[in-house]
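Report on the structure given below.
Every number here is computed from the coordinates shown, using simple stated rules; none is lab data. Being a predicted model, the structure only gives us computed values, none of them experimental. Here Cβ is always computed from backbone atoms with ideal geometry, including for glycine, and neighbour counts include all displayed protein chains.
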DNA sequence: AAGGGTAACTTGCTATGCAAGGTACAGTAG
DNA sequence: CTACTGTACCTTGCATAGCAAGTTACCCTT
């Protein structure tokens, strides 16, 4: 049981939230999403992202459009569907609730907001 | 891809943190831990808790002491070791960092602390 | 034609949460 | 003294999902 392992475990839980959130502002293709999350110090790798995007897609939360690139292969730009947008809202709510629960557990005596 | 599923996923990441935190205040036996987390609206079940406690133990983060019960079988009271205490501190730090990262992702323009 | 860079995707492994089932002890009712 | 009930601990098998590593394919440059 290593710290890195546990930290990774914590990250997993918010992956969907972060990815949906990342493309909610503007459509992105996979590599952009990776870089975006990396810049926020949330490590994600290809082998994780692609299957997850596929899952999100088959759940109807995201869709995509192909676009030619100036140099290199075409890119698959992901965009949030209406359904995905609602899902993201709920997910954000859940995340806030979870945060509150953990706070209550770890600081039971504090009444500060 | 259901919301409940994803919410469960988020919960998983903080299980260790919550359990260590739960016994950090006072020694508890499994059923008490379950009830404690449940009261904070963090659902955990036996089949999850026991293997996790076993892992924490073999990692040297917790130890336990048997104690007779007034009625019923003896109880295994778990206590945090020195090592577990340090681990809990690091985990808490990691959790706060994660929270910050998610916040930056989901509210990039806000400068409020 | 060959090589390099970018992008999308797949395969196999492993960790782990969880439902369901199992064992054991103690007190109580019959 | 046997059977039942309640409490507590623990195990087994399944499904999910992240991740490392490998694959395919496109395009541009040399």
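Between the helical axis of A:3-25 and the dominant principal axis of chain A, each derived from Cα atoms, what acute angle in degrees is found, rounded to the nearest 10? Between helix and principal axis, roughly 50 degrees.
For the rotation carrying A onto B, the chain A residue whose Cβ lies nearest the axis, with the distance in whole Å, reads A:13, 2.
On the basis of the beta-carbon distance and an R0 of 25 Å, residue A:39 and residue A:104 show a calculated FRET efficiency of 0.20.
Taken residue by residue and averaged, Cβ atoms of other chains lying within 10 Å of the Cβ of B:88-94 number 3. Compute the angle between helix A:46-58 and the longest alpha-carbon principal axis of chain A, please, reported from 0 to 90 degrees and rounded to the nearest 10. It works out to around 80 degrees.
Annotation for residue B:90, label-to-label distances across the other copies: 3.7 nm (shortest first, one decimal, point 7 Å from Cα along Cα→Cβ).
Order these peptides, B:89-100, A:6-17, by their mean beta-carbon neighbour count within 10 angstrom, highest first.
Numbers: B:89-100: 15.6, A:6-17: 19.2.
Peptide ranking by packing, descending: A:6-17, B:89-100.
With both labels modelled 7 Å from their Cα along Cα-to-Cβ, the residue A:46 to residue B:97 distance reads 2.6 nm.
Relative to the longest principal axis of the Cα atoms of chain A, the long axis of helix A:30-39 lies at roughly 30 degrees. Only helices enter the 222 nm calculation for the protein assembly as shown: every DSSP H run of n ≥ 4 contributes -39,500 (n - 2.57), and dividing by all residues gives -20500 deg cm²/dmol, rounded to 500. Here r is the Cβ-Cβ distance between residue A:63 and residue B:70 and R0 is 41 Å; the resulting FRET efficiency, rounded to 0.05, is 0.10. Pick out which of B:70, B:79, B:19 has the largest mean-square fluctuation in a Gaussian network model of chain B, springs linking Cα atoms closer than 10 Å. Among B:70, B:79, B:19, the largest mean-square fluctuation in the Gaussian network model of chain B belongs to B:70.
Reported to the nearest whole Å, the Cα centre-to-centre distance from region A:1-67 to region B:1-23 is 18. At a Förster distance of 41 Å, what's the computed FRET efficiency of residue B:79 paired with residue A:83, Cβ-Cβ distance as r, to 0.05? Rounded to the nearest 0.05, the efficiency is 0.30. For residue A:41, the point set 7 Å out from Cα toward Cβ sits 2.8 nm from its twins in the other copies, listed from shortest up. Per residue of peptide B:97-104, the mean number of Cβ atoms on other chains within 10 Å of the residue Cβ is 6.
Counting only other chains, and only Cβ atoms inside 10 Å, what mean value do you get across the residues of B:12-21?
On the way: counts 4, 11, 10, 4, 5, 6, 4, 1, 2, 5.
Neighbouring Cβ atoms belonging to other protein chains average 5 per residue here.
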